[in-house]
Each structure stands twice: as C-alpha cells, then as structure tokens.
2 protein chains.
Amino acid sequence: MSYTVEVRIELKKGVIDAEGETVKKSLNLLGYRVEDVSTVRVYVIELEAESGEEAVGEINEACKRLLANPVIQNYRVTVK
Amino acid sequence: MSYTVEVRIELKKGVIDAEGETVKKSLNLLGYRVEDVSTVRVYVIELEAESGEEAVGEINEACKRLLANPVIQNYRVTVK
C-alpha cells in the first residue's frame, strides 16, 4: 500500500539559523514587528509499505542515514 | 501580544521540485521504495500583533512582498 509521510526537520536549540536570521532582518526592514524566525525543512514522501508503522520506521531510518544531521537537527516523522 | 505563526510554502503543481527529485533518487539508491518526494519550506515566525487575525494578515502580506513567489509557490499562514 502507498503511504504519505511527512518529515519535519528543525535545527536544534542553540544552532544558528542563518536563513531565519536573514528573513527576520528583511521583515524588520519592511516594517514588520517580527521577533524571531526559524526555518523548518519538510519533506512529503510517498512510499510503498505494508503498514503505517513500517512506513514511519523506514523513513526514520532514512532520516538517520541521509535526510537529517542528528548533530544539529531534530526530526519528526508522521503519517499523513 | 506576541503570536507565533507558521508559514508553509509549497511549489505549485507542475513546477519541478529539483531537491525533491534528488532526495527521491538518493532514497531509491539506498533501497527505499519511495515514489515521490516534495519539499516544503516552513517559517515559524514570532511577531507582535493586537490579535491572531492581525498577525496572520501581516504575514500574508509579507508572503506576497517577500517570502513566497506567487508565480510558482502556494503558501498558507496559520496561528500556532
């Protein structure tokens, strides 16, 4: 069966979010009262699996191997 | 008051998602039965506003002016 899972990858606390900082400064320059911007990378993945748990398990493994850097990023995998 | 809003920016249908394609190919090479990967850019924004609606309104405007490219991207702003 085909499952759609969503991987949400965020920077860990304390890791500098350069893109977020740049967006914040740009929004401030345009006059918006923005206090903080953080960026999140999301992958929406369609894959073949026997069950939702198997799909999440496979993509969790894929995050460790390829998609996320566990030194600086947290990730969460959910079935949609 | 301070509000946290989330902006979710996706590519429109028919626009080629180069990063998603690359991730899909890499996952296939690692043996995962992935059929499609699409990438989504999320900004989590903290800002000062009088109400949730004002916060969403301001960030919707900011999307049009700066954050999203309406020719190729769809975006959605929600209060968290």
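Readers should treat all values here as calculations from the given coordinates under stated rules, not as data from a laboratory. Only a predicted model underlies this, so the values are computations on that prediction, with no experimental measurement involved. Cβ coordinates were reconstructed from backbone atoms using ideal geometry, including for glycine residues, and neighbour counts include every protein chain displayed.
For this structure, a couple of remarks:
- √(5λ) per eigenvalue of the Cα gyration tensor, the protein assembly as shown, largest first, Å: 31, 17, 14
- 14 Å beta-carbon shell around B:T22, net charge (K/R +1, D/E -1): -1
- Across chain A, the volume of the C-alpha convex hull divided among the residues equals 100 Å³ per residue.
- Chain A comes nearest to the axis taking it onto chain B at the Cβ of one residue; that residue and its distance, in whole Å, are A:V42, 3.
- Principal-axis tilt of helix B:18-29 within chain B, Cα atoms, nearest 10 degrees: 40 degrees
- Averaged over peptide A:25-33, the number of partner chain Cβ atoms lying within 10 Å of each residue's Cβ comes to 4.
- Relative to the longest principal axis of the Cα atoms of chain A, the long axis of helix A:52-62 lies at roughly 60 degrees.
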